[in-house]
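Here the structure comes first, spelled out in structure tokens, and everything after it is commentary.
The values are calculated or read from the model by the stated rules, or taken from the named source; none is laboratory data. What you are looking at is a predicted structure, and each value in this text was computed from that prediction instead of being measured. No Cβ is skipped: glycine too gets one built from the backbone with ideal geometry, and neighbour counts run over all protein chains shown. With ligands, DNA and RNA removed, areas are computed over all heavy atoms of the protein, side chains included. Shrake-Rupley method; radii C 1.70, N 1.55, O 1.52, S 1.80 Å.
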Amino acid sequence: MSTTHQLERDALGRLVFIDSEGERHIGVHPVRAFPITAPAAGIGIMNQSGKELCWFPDVTAISEAELGLIEEELAEREFMPVIEKIAKVSTFATPSIWDIETDRGPTRIRLKGEEDIRRIAGNTLLIADSNGLQFLIKDSTQLDKVSKKLLDRFR
């Protein structure tokens, strides 16, 4: 674990990275290398210009206090509801309105085209609605029978 840097919040709640030379980088943000397939592997601390200031190859390389700050920041940025059930679709052509149940509750999304359903890895799918919000299906084989049947009409 490197102690050549420090991560803290300022009075305005912004994340501040203090590098080994004592320079303060205000408003930094953590970025996961593989947020869906390997969320614990590889976290970079980026400045506001997108330049990487620090790289952690694994979350075990991060102190508990800094990991808490990083997880808080990531939770604000990585809003991605998980689809648990597809209750209904308006039509099998696109655009189409989907009534879904997520880990955040029921909602309705508009699918613009079949290309908005992307396979990430294995049976993991990412669905983008017409507003650009991303929804995750962790394992499409674990959906109920009706959901799988509806989803298969679009893949």
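Scanning region 38-55 for residues that are in contact with a Ser or Thr (Cβ under 9 Å, 6 or more places away or on another chain) and open to solvent by less than 40 Å² (accessible area, probe 1.4 Å) gives a single hit, Cys54. Taking the options Leu7, Leu111, name whichever one is touching an Asp or Glu at 6+ places or on another chain (Cβ under 6 Å) and crowded, with 16+ Cβ neighbours inside 10 Å. That would be Leu7, the only listed residue that is touching an Asp or Glu at 6+ places or on another chain (Cβ under 6 Å) and crowded, with 16+ Cβ neighbours inside 10 Å. Residues that are touching a residue at least 12 places away in the same chain (Cβ under 8 Å) and part of a strand (DSSP E or B) within region 36-62 comprise Ala41, Gly42, Ile43, Gly44, Ile45, Met46, Leu53, Cys54, Trp55, Phe56, Pro57, Asp58, listed in sequence order.
Just give me the residues in region 140-155 being modelled with pLDDT under 95 and among the acidic types (Asp, Glu), in sequence order. The answer is Asp152, and nothing else. Only one of the numbered conditions (1) open to solvent by less than 50 Å² (accessible area, probe 1.4 Å); (2) over 30 Å from Glu8 (Cβ atoms); (3) small (Gly, Ala, Ser) is not met by Gly68, and that is (2).
Checking each residue in region 114-135 for being part of a loop (DSSP other than H, G, I, E, B), surrounded by fewer than 12 Cβ atoms within 10 Å (Cβ to Cβ) and out of contact with any Asp or Glu (no Cβ under 9 Å at 6 or more places or on another chain) picks out Asn131, Gly132.
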